[in-house]
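The values are calculated or read from the model by the stated rules, or taken from the named source; none is laboratory data. None of the values given here were measured: they were computed from a predicted structure. Positions of Cβ are backbone-derived with ideal geometry, glycine not excepted, and every protein chain shown enters the neighbour counts. Each accessible area value is taken on the protein alone, full model and side chains, heavy atoms only, with ligands, DNA and RNA left out. Shrake-Rupley method; radii C 1.70, N 1.55, O 1.52, S 1.80 Å.
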Amino acid sequence: MTLLTCLFAAILCTVAWYKGAPKNEMNLHVLCYLYWGASLMWMVDAVFAYAELGAEYFTPAPADMLNDFFLGLSVVALGLVIWLVCLLVKDPKGVVRASLSKKK
C-alpha cells in the first residue's frame with residue numbers, strides 16, 4: 001500500500017507539473033522528485049520483501065495493509081511539508097517578502 005500511495009501521488013503531481021511546465025511558478029518539480037524518489041524506495045523494498053516471502057507477499061493481513069496505507073499517507077504528507085518549506089524559502093511570487101517588508 002505504501003508503494004501504491006506514493007505512486008498515485010507521484011503520478012498526480014507529475015500531471016500537475018506537466019500542465020504548467022513552461023512556467024513552473026509553484027516549483028512542482030521538487031514535489032515530483034520527492035514522490036518519485038519515495039516510489040522508487042518502496043519499489044526496492046517490495047522487491048526485497050518478495051524475494052524473502054515469495055508468494056506470501058501478495059496475501060497481507062488487513063491490519064498490515066491499513067498500517068502500510070497510513071505509512072504511505074505519512075510519506076505523502078511529509079513530502080508536502082518539505083515542498084511547502086522549499087516554496088516559502090524560494091518565494092517565487094514574492095508574497096512572503098512583501099508581507100515581511102510591509103510597514104504598519
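Calculated on the Cα set of the stretch 1-74, radius of gyration then Dmax: 14.9, 47 Å. You can think of it this way: the chain between Leu4 and His29 has 7.0 nm of extra reach, that is 0.36 nm per residue less the Cα-Cα gap. Under 29 Å of direct C-alpha separation, and excluding same-chain neighbours fewer than eight residues apart, Lys102 reaches these lysines: Lys23, Lys90, Lys93. In terms of overall dimensions, the C-alpha atoms belonging to the stretch 31-75 reach 33, 22, 10 Å along their principal axes, ordered largest to smallest. About the centre of its Cα atoms, the stretch 31-102 shows a dipole size close to 820 debye [charges on the beta carbon of Lys, Arg (+1) and Asp, Glu (-1) only; nearest 20 debye]. Which value at 222 nm does the chain reach when only helices count, each DSSP H run of 4 or more adding -39,500 (n - 2.57), with the total divided by all residues and rounded to the nearest 500 deg cm²/dmol? About -26500 deg cm²/dmol. In summary, the stretch 4-47 shows an alpha-carbon radius of gyration equal to 1.21 times the 2.2 N^0.38 Å reference for compact globular proteins. Report, to the nearest 10°, how far helix 2-19 tilts away from the longest principal axis of the Cα atoms in the chain, using its own Cα long axis and a range of 0 to 90°. Around 40 degrees separate the two axes.
Would you kindly derive the ³J(HN,Hα) couplings of the stretch 87-96 from the backbone phi angles with the Karplus curve 6.51 cos²θ - 1.76 cosθ + 1.60 (θ = phi - 60°), listing them in order in whole Hz, with x for Gly and Pro? Running phi through 6.51 cos²θ - 1.76 cosθ + 1.60 with θ = phi - 60° gives 5, 5, 6, 6, 6, x, 9, x, 6, 5 Hz. A 1.4 Å probe run over the protein chains yields, for the stretch 50-103, 81 Å² of accessible area per residue, whole-number rounding. Using a simple spin-label model with pseudo-atoms 7 Å out from Cα toward Cβ, Ala51 and Leu100 lie 4.7 nm apart. Per-atom-type breakdown for the chain gives carbon and sulfur 72% of the accessible area (1.4 Å probe, protein chains only). The gain in end-to-end length when the Leu40 to Lys90 segment is fully stretched comes to 15.3 nm, 0.36 nm per residue minus the alpha carbon separation.
What residue among Leu53, Leu31, Ala21 has its Cα farthest toward the positive end of the dipole of the stretch 13-96, where the charges are +1 on Lys, Arg and -1 on Asp, Glu, each on the Cβ? So the residue furthest toward the plus end is Ala21. Along its three principal directions, the equivalent ellipsoid of the stretch 33-104 from the Cα gyration tensor extends over semi-axes of 41, 13, 5 Å, largest first.
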